[in-house]
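One structure below.
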Amino acid sequence: MSENKNYIYIGPTVARMGLVKSTLVLGVNPPPQLLSLMELKPVIRSLFVPTERVAEARKSMVIEGSIEWIAAQEVVKENQRISNEERGK
């Protein structure tokens, strides 16, 4: 992420993970709660796109195998993993 750009999160909303679709992130640093998630699953960074690329990236979200599609699937899997842990599975 670049200091001079604003980013929008285009992935699925998962409130427990601090991910809310269309959230604007100003500059280089995402909110602190997202840093650990991004370290765990670096591909999730690709769901934070520069504002000028939002339309293009959203189109890519529906193309199976695109980096945005893969990243969104990782968010869903991580959410399921957390849910399973909370249920004791």
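Read the figures in this text as sums done on the coordinates, not as results from a lab. Just so it is clear, the structure is predicted and the values come from calculations on it, not from any experiment. For neighbour counting, all protein chains shown are included, and Cβ atoms are generated from backbone atoms with ideal geometry for every residue, glycine included.
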query: Inside region 47-66, can you point out the residues that are of a type in the set (S, T, N, Q), assigned to a helix (DSSP H, G or I) and over 18 Å from residue 26 (Cα atoms)?
result: 60
field: All positions within region 65-89 that are free of Cβ contacts under 8 Å to residues at least 24 places away in the same chain and among the small types (Gly, Ala, Ser)
entry: 65, 66, 83, 88
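Just to be sure before I move on: is residue 11 under 16 Å from residue 68 (Cβ atoms), among the small types (Gly, Ala, Ser) and surrounded by 12 or more Cβ atoms within 10 Å (Cβ to Cβ) in the structure I sent?
yes
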task: Answer yes if at least one residue in region 67-87 is touching a helix residue (DSSP H, G or I) at 6+ places or on another chain (Cβ under 9 Å) and not in a helix (DSSP H, G or I), and no otherwise.
output: no
- request: State all residues of region 1-46 that are part of a helix (DSSP H, G or I) and in contact with a Lys or Arg (Cβ under 6 Å, 6 or more places away or on another chain); if no residue qualifies, say none.
  value: 38
statement: The one condition residue 13 fails out of (1) within 20 Å of residue 84 (Cα to Cα); (2) touching a residue at least 12 places away in the same chain (Cβ under 8 Å); (3) touching a strand residue (DSSP E or B) at 6+ places or on another chain (Cβ under 7 Å) is (2)
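Which of the following residues is exposed (fewer than 13 other Cβ atoms within 10 Å of the Cβ) and either without any contact (Cβ under 8 Å) to a residue 60 or more places away in the chain or touching a strand residue (DSSP E or B) at 6+ places or on another chain (Cβ under 6 Å) (or both): 25, 62, 54?
When all the criteria are applied, what remains is 62.
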